[in-house]
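*Asks:* A single structure is presented below for examination.
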Amino acid sequence: MFKILFKQIGRFKAATALTPVFTALEVLMGVLIPYVTAWIIDRGVLGHDLGAVYRYGGLLLALAAVSTLMGVLAGRFSALASTGFGSNLREAMFRNIQTFSFTNIDKFSTSGLVTRMTTDVSNLQNAFQMLLRVSVRAPLNLVTSVLMCLFISKEVSLVFVVALAILGVSLFFIIRKTVRLFSQVFERYDDVNRVVQENVAAIRVVKAFVREEHENRKFGRAVEQLYRLFVRTERLQALNHPLMMLVVYGCIIAISWIGAHLVVGGTMTTGQLTSLFAYVMTIMMSLMMLSMIFVQLTMSAASARRIAEVLDERADIADPVEGAVAEVADGSIDFNDVSFTYNKEGSEMAISHIDLHIASGSMVGVMGPTGCGKSTLAALIARLYDASEGVVSVGGADVRRYRLETLRDAVSMVLQKNVLFSGTVLDNLRWGRDDATREECMKACDIACATEFVEQLPEGLDTHLEQGATNLSGGQRQRLCIARALLKRPQVLILDDSTSACDTATDAHIRRALAREVSGVTKVIVSQRLSSIVDADMIVVMESGRIVATGRHEELLEQCALYRETWEMQTQADPDFD
Ligand SMILES: Nc1ncnc2c1ncn2[C@@H]1O[C@H](COP(=O)(O)OP(=O)(O)O)[C@@H](O)[C@H]1O
Ligand SMILES: [Mg+2]
């Protein structure tokens, strides 16, 4: 795990290495300061030698200046290293996520990926900075200060052994408890994040169902639990400070008592006694720091693991290693005994044992009740998922033998859940093809029946769309998505319930334009509305993941009960039933 994370330090290796070096120098200079202070007191003040005061005073200033300079450098490099590390992590995660297949994304969930890229990276970035700075400074300060104390007076150092033992044991218990509480805090954070993401993303639905109060209460509960946990951890942490003060003052009294005896006895100077007080403070502070680092690092370990998981995830749909088929020969599609399950462990098949041949250039309709596997069937053609069993072929070759780019340039798919991006209408259309001219874009809009409303937009093609194109109606979004798919000039065009939000007249319009203008392209049209597919060359009727019948409209009316019932229901009822 650490290997994959530390690889992301990348070009910030130098800054990462320099930070501990400068920190160490800062500590070494700093630790000498009390010792020089002792000289000033003993030789200058008590020795009535003003020259010595100036000499050692100068030395003191120089040490302080160098120490400060080193501290500034260390601070700068650690900031560089940690922010660099953070941005490298984000970039690497983003790059890897772009390669993810639908299966990979299903595994993490979109909101999970967002938390990992934001909160978790910030956590890890802070921990990294701490690791570089504080985890060098605290132990080094501790060790050097103890050494200085031993060097000055072995007797007095005995005091520390006792103090360290008391402090060490109590810190250990406090830390153990805090770490446990903090891990609970993080689980609660995930809860809060989930509620926020679900609700903000779906705020329109929440409003439509007047669920604001309910959602507020739900969120209130999650926040309340987080608050309680935080109060408990902070209360524990608050114990640290008084405890340390108690030990520090205890030490100072003990040192004063022993020291006074030694000074009177002539084995220790007054200056040395004062420097001992300074070292006591440093030692206790370092101990506190160490305990803090420990808590911080354990807290970010969870974040580190979550980030490493994303970096480590391999896309399960990839280009063939060698011998890729260079181009898609034609628009024919074949399913050979294809089964597919979303959940690899389970045996629940979304579609099973599909055998289907679609001739190049034909128009095929797919119908069946919700959840019967229509979208799944369509997704397998564009290799959004890989078949669990059997082979899906396009243009006579297994889809797995094409490079993904080759295949997806040839197979253009309008997903059931359409997404437009923030940007102008033109930008969105050009997702289909970067170099499409305005005329080509308008032509595609013509076929998709989008011209009329695009021209009515305040700035036509250059109108800005909000994220998710919420300033357009559902039917308008669908039409733009169809136009975008057409601009690819595909050999296979798949429309998965892509006109469900358009009225029947528009739907018929689009269908006629498609038949007229994009001939020679294989069209697979998934639709609940039979009027959209009546004149298809072949209609596939699905039920519970299986094909129950195929044929033309008239044949199916005679042979397939499901088809006949659906047809009768839809023609009797209002044609605009949805
Ligand atoms: N991303 C997914 N993860 C797990 N199960 C899924 C996913 N998408 C669809 N399913 C399941 O697969 C089955 C077929 O779904 P789908 O092909 O979307 O049906 P349709 O398009 O005909 O309504 C359904 O039972 C559905 O619950
Ligand atoms: Mg569907």
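*Asks:* Apply the Karplus curve 6.51 cos²θ - 1.76 cosθ + 1.60, θ = phi - 60°, to the phi angles in region 547-563 and return the couplings in whole Hz, x for Gly and Pro.
*Replies:* Each residue of region 547-563 in turn: 8, 9, 6, 9, x, 7, 3, 5, 4, 5, 4, 7, 9, 10, 5, 4, 5 Hz.
*Asks:* Rounding to the nearest 10 and keeping the result within 0 to 90°, find how far the Cα-based axis of helix 438-447 lies from the longest principal axis of the chain.
*Replies:* For helix 438-447, the angle is close to 50 degrees.
*Asks:* Once amide H atoms are placed 1.01 Å from N in the peptide plane, what residues at a sequence separation of 5 or more from residue 363, or on another chain, have their amide H within under 5 Å of its amide H?
*Replies:* 523, 537, 538
*Asks:* Something else about it: For region 333-572, just run the numbers: alpha carbon Rg, then divide by 2.2 N^0.38 Å, N being how many residues it has.
*Replies:* Compared with the compact-globule rule of thumb, region 333-572 sits at 1.01.
*Asks:* Express in nm, to one decimal, how much length is gained between residue 234 and residue 572 on full extension, taking 0.36 nm for each residue of separation and deducting their alpha carbon distance.
*Replies:* The span from residue 234 to residue 572 would gain 114.9 nm if fully extended.
*Asks:* Let me have the relative contact order for the chain, percent, based on Cα pairs under 8 Å that are six or more residues apart.
*Replies:* For the chain, the relative contact order is 14 percent.
*Asks:* Mind grabbing the base-10 log of I(q)/I(0) for region 341-440 at q = 0.14, 0.16, 0.17, 0.22 Å⁻¹? Debye formula, identical points on the C-alpha positions, no solvent, two decimal places.
*Replies:* Normalising to I(0) and taking log10 leaves -0.70, -0.88, -0.96, -1.31.
*Asks:* Once the principal axes of the Cα atoms of region 2-312 are found, what is the range along each, listed largest first in whole angstroms?
*Replies:* 85, 41, 29
*Asks:* Could you give each residue of region 16-23 its phi-based ³J(HN,Hα) in whole Hz, using Karplus coefficients 6.51, -1.76, 1.60 with θ = phi - 60°, and x for Gly or Pro?
*Replies:* Calculated HN-Hα couplings, in order: 5, 6, 6, 3, x, 4, 5, 4 Hz.
*Asks:* What number, rounded to the nearest 500 deg cm²/dmol, is the helix-based mean residue ellipticity at 222 nm of the chain, given -39500 (n - 2.57) per DSSP H run of at least four residues and division by all its residues?
*Replies:* About -21000 deg cm²/dmol.
*Asks:* Please state the relative contact order of region 2-312 as a whole percent: Cα pairs under 8 Å, 6+ residues apart?
*Replies:* The normalised contact order for region 2-312 reaches 31 percent.
*Asks:* Using 7 Å Cα-to-Cβ label points, what is the residue 154/residue 564 separation (nm, one decimal)?
*Replies:* Going from the residue 154 label point to the residue 564 one covers 10.8 nm.
*Asks:* Helix 154-201 versus the longest principal axis of the chain: what angle, 0 to 90°, nearest 10, using Cα atoms?
*Replies:* For helix 154-201, the angle is close to 20 degrees.
*Asks:* What's the ranking of 491-497, 551-557 by average number of surrounding C-beta atoms within 10 Å, highest first?
*Replies:* Highest-to-lowest ranking by the protection proxy: 491-497, 551-557.
*Asks:* Using a Förster distance of 56 Å, how high is the FRET efficiency between residue 424 and residue 353, based on the Cβ-Cβ distance and rounded to 0.05?
*Replies:* 0.75
*Asks:* Hey, what did region 7-159 get for relative contact order, percent, Cα under 8 Å, at least 6 apart?
*Replies:* For region 7-159, the relative contact order is 35 percent.
*Asks:* Of all beta bridges DSSP finds with both residues in the chain, what is the antiparallel percent, to the nearest 5?
*Replies:* Within the chain, antiparallel bridges account for around 50 percent of the total.
*Asks:* Taking 0.36 nm per residue of sequence separation and subtracting the Cα-Cα distance, how much length would be gained by fully extending the chain between residue 61 and residue 189, in nm to one decimal?
*Replies:* 41.3 nm
*Asks:* Can you grab the distance from the C-alpha centre of region 135-159 to the C-alpha centre of region 97-112, Å, no decimals?
*Replies:* Taking the Cα centre of region 97-112 as reference, the centre of region 135-159 is 52 Å away.
*Asks:* In straight Cα distance, which lysines are under 20 Å from residue 207, not counting same-chain residues fewer than 8 positions off?
*Replies:* Cross-link targets: 218.
*Asks:* Give the long-range amide H neighbours of residue 402: residues separated by 5 or more places, or on another chain, with amide H under 5 Å away, using H modelled in the peptide plane at 1.01 Å from N.
*Replies:* Here the answer is 325, since their amide H atoms fall under 5 Å of that of residue 402.
*Asks:* Just tell me which lysines come within less than 25 Å, Cα to Cα, of residue 107; anything on the same chain fewer than 8 places away is out.
*Replies:* Result set, ordered by chain and number: 3, 7, 344, 374, 417.
*Asks:* Counting only the backbone N, which residues of region 319-349 are under 14 Å from the spot 7 Å out from the Cα of residue 388 toward its beta-carbon?
*Replies:* 338-349
*Asks:* Using only Cα atoms, locate the centre of region 538-570 and the centre of region 291-343, then give the distance between them in Å, rounded to an integer.
*Replies:* Measuring centre to centre over Cα atoms gives 37 Å.
*Asks:* Ranking request for peptides 406-416, 293-303, 434-444: highest mean number of other beta-carbon atoms within 10 Å first, then the rest in descending order.
*Replies:* Packing order, densest peptide first, comes out as 406-416, 293-303, 434-444.
*Asks:* Using only the Cα atoms of region 503-578, each taken as one equal point scatterer with no solvent, compute I(q) by the Debye sum, divide by I(0), and report log10 of the ratio at q = 0.16, 0.27 Å⁻¹.
*Replies:* -0.63, -1.36
*Asks:* For an R0 of 45 angstrom, estimate the FRET efficiency from the Cβ-Cβ distance between residue 98 and residue 509 and round to the nearest 0.05.
*Replies:* For residue 98 and residue 509, the calculated efficiency is 0.80.
*Asks:* From the Cα trace of the chain, what convex hull volume per residue do you get, rounded to a whole Å³?
*Replies:* About 210 Å³ per residue, rounded to a whole number.
*Asks:* Next question, about the same structure. Calculate the spin-label point distance for residue 225 paired with residue 322, positioning each point 7 Å from the Cα along the beta-carbon direction, and give it in nanometres.
*Replies:* 5.4 nm
*Asks:* Check residue 423: other-chain or 5+ apart residues with amide H under 5 Å from its amide H, H built from backbone geometry?
*Replies:* Long-range HN contacts for residue 423: 465.
*Asks:* Could you calculate the FRET efficiency of residue 544 with residue 435 from 1/(1 + (r/R0)^6), where r is the beta carbon distance between them and R0 is 56 Å, rounded to 0.05?
*Replies:* Here the calculated transfer efficiency is 0.80.
*Asks:* Report, in degrees rounded to the nearest 10, the 0 to 90 angle that the Cα long axis of helix 270-312 makes with the longest principal axis of the chain.
*Replies:* 10 degrees
*Asks:* Could the peptides 372-380, 42-50 be put in order, highest first, of the mean number of other beta-carbon atoms found within 10 Å of their residues?
*Replies:* Peptide ranking by packing, descending: 372-380, 42-50.
*Asks:* Same structure, new question: Using 5 Å bins from zero, what percent of all Cα-Cα pairs in region 436-578 falls into each bin?
*Replies:* Taking every Cα pair in region 436-578, the percentages come to 2, 9, 18, 20, 18, 14, 10, 6, 4, 1, 0.
*Asks:* Would you kindly state how much longer the chain becomes between residue 489 and residue 207 on full extension, computed as 0.36 nm times their sequence separation minus their alpha carbon distance, in nm to one decimal?
*Replies:* Result: 97.5 nm gained on full extension.
*Asks:* For region 133-210, report the translational diffusion coefficient in µm²/s to the nearest whole number, using Stokes-Einstein at 20 °C, 1.002 mPa s, and a Kirkwood Rh over Cα pairs.
*Replies:* Calculated translational D: 124 µm²/s.
*Asks:* Output wanted: per-residue J couplings in Hz (rounded whole) for region 481-494, from phi through Karplus 6.51 cos²θ - 1.76 cosθ + 1.60, θ = phi - 60°, x for Gly and Pro.
*Replies:* 5, 5, 4, 4, 5, 5, 4, 5, 6, x, 8, 10, 10, 10
Each reported figure results from applying straightforward, stated rules to the coordinates on display, with no laboratory input. Since the structure is predicted, the reported quantities are computational estimates derived from the model, not experimental observations. Using ideal geometry, Cβ is built from the backbone for each residue, glycine included, and neighbour counts are taken over all protein chains shown.
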